[in-house]
Every structure is written in C-alpha cells, then in structure tokens.
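**Student:** So that we are looking at the same thing, I have put the structure below in structure tokens.
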Amino acid sequence: MPGGGGGIWVNGASNLLRNCLIVGNGSGAGDRGGGVGGQGAGASIENCTIVSNFASGIGAVTANSNNYQVVNTISYFNVGAAMYPGSNGVLNVSNSCVTSTNYVTSGAGNITNNPLFMNVAGGNYRLIKTSPCVNAGVNQAWMMGALDLDGALRISPKVGGTVDIGAYEFYFSASGTLLSVQ
C-alpha cells in the first residue's frame with residue numbers, strides 16, 4: 001500500500017496478528033509501517049517478532065484513530081522508529097521489547113535492551129539463553145496448550161511457566177555426554 005504496510009497491511013477493526021515473524025519488508029514512507037501498517041481501528045499484535053524492516057516496525061499511515069494493542073512482541077532493528085502511531089494513533093504496548101518507547105502511548109513491562117537473537121545476519125530470530133526476552137512476557141488465556149512459531153509449547157512448566165517475548169520460545173537443548181563418576 002502507498003505510504004505503509006510493507007509486511008502486513010491491516011484495515012478496519014478486529015485484526016489479530018499472533019506468532020508472526022515479519023522481517024525485511026519496506027514501506028513507501030520513511031517512518032511508517034515497514035513491518036505492520038494500516039488504517040482504521042488497528043490491530044492486536046501478540047507474540048510477534050518484527051525486525052529488520054525498512055521503516056518503523058509497527059506504524060499507522062493515516063490520521064484515523066488507529067489503536068494498536070501490542071503484547072509480548074519484539075520490534076527491533078527496524079529502520080526508522082520502533083513504532084509510529086500516526087496523527088491520532090494509540091500504541092498500547094506492554095511486555096514487549098522495542099528499540100525505544102518514544103511513541104508508546106501506554107503500557108507497562110517494556111524493555112529496550114537488545115533481544116539477543118541467535119543469528120540476525122543468518123536470519124535466525126530465535127532467542128539465546130541470556131536474552132532479556134526469555135520469561136519476560138505476560139501469560140494470557142489463549143496460550144495454554146498453544147504453540148510458538150516452531151511448534152513448541154508457549155507455556156512450559158519445565159522452563160519456568162512464563163511466556164517469552166517474540167514469536168519463538170527459548171528451549172535449552174541439552175546435548176552431550178553425561179558422565180557419572182563414583
């Protein structure tokens with residue numbers, strides 16, 4: 001669409017983006033919606049990873065009352081603002097990892113630290129063990145039994161029971177040899 005929405009264009013109301021990886025898209029506007037853009041009522045964006053887009057990660061492109069509810073989402077390494085609400089937009093962002101909170105209208109629990117992906121240059125946006133996004137999200141009712149983008153459980157009692165921020169859950173893969181010395 002002209003002016004925004006390089007990766008995903010939302011229009012109207014009741015838009016839901018969940019467990020999405022939105023990478024390397026461009027927008028016709030320098031600061032609006034390289035990853036997600038739209039007009040109308042906005043969208044709910046949950047547990048998405050929106051990175052390396054050529055304009056803001058999330059942005060409204062019109063003067064309409066866009067209302068974005070962003071939860072447990074990473075918007076990082078985008079050219080332009082992490083998020084841009086447009087003229088009358090509202091960005092309610094919580095428990096998310098964003099480059100900066102300059103345009104965030106409301107919300108709590110956000111971090112601006114580097115999310116620490118496994119290999120950005122190689123296109124691997126899974127989290128490493130020391131990522132500030134591990135166990136930093138907020139659990140929601142839909143997550144019980146739900147899967148992440150890799151097909152792993154969103155909430156696992158073995159890993160702490162708290163959802164991670166982004167499209168992928170971190171799972172420690174123990175491989176090697178176990179020795180028992182007596």
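Every number here is computed from the coordinates shown, using simple stated rules; none is lab data. Note that the coordinates shown come from a computational prediction; the quantities given were computed from them, not determined experimentally. Methodologically, a virtual Cβ is constructed for each residue, glycine included, from the backbone with ideal geometry; neighbour enumeration extends over all protein chains shown.
**Student:** Points 7 angstrom from Cα along the Cβ direction at L147 and T162: gap in nanometres?
**Tutor:** Reported label-point gap for L147 and T162 is 2.7 nm.
**Student:** Going by average Cβ density within 10 Å per residue, which order do the peptides 36-46, 114-124, 141-151 take, highest to lowest?
**Tutor:** Highest mean packing first, the order is 36-46, 114-124, 141-151.
**Student:** If Lys and Arg each add +1 and Asp and Glu each add -1, what is the summed charge of the other residues whose beta carbon sits under 14 Å from the beta carbon of N19?
**Tutor:** Residues close to N19 contribute a combined charge of -2.
**Student:** Name the long-range amide H neighbours of N139: under 5 Å, sequence gap of 5 or more, or other chain; modelled H, no Pro or chain starts.
**Tutor:** It is V163, by chain and number.
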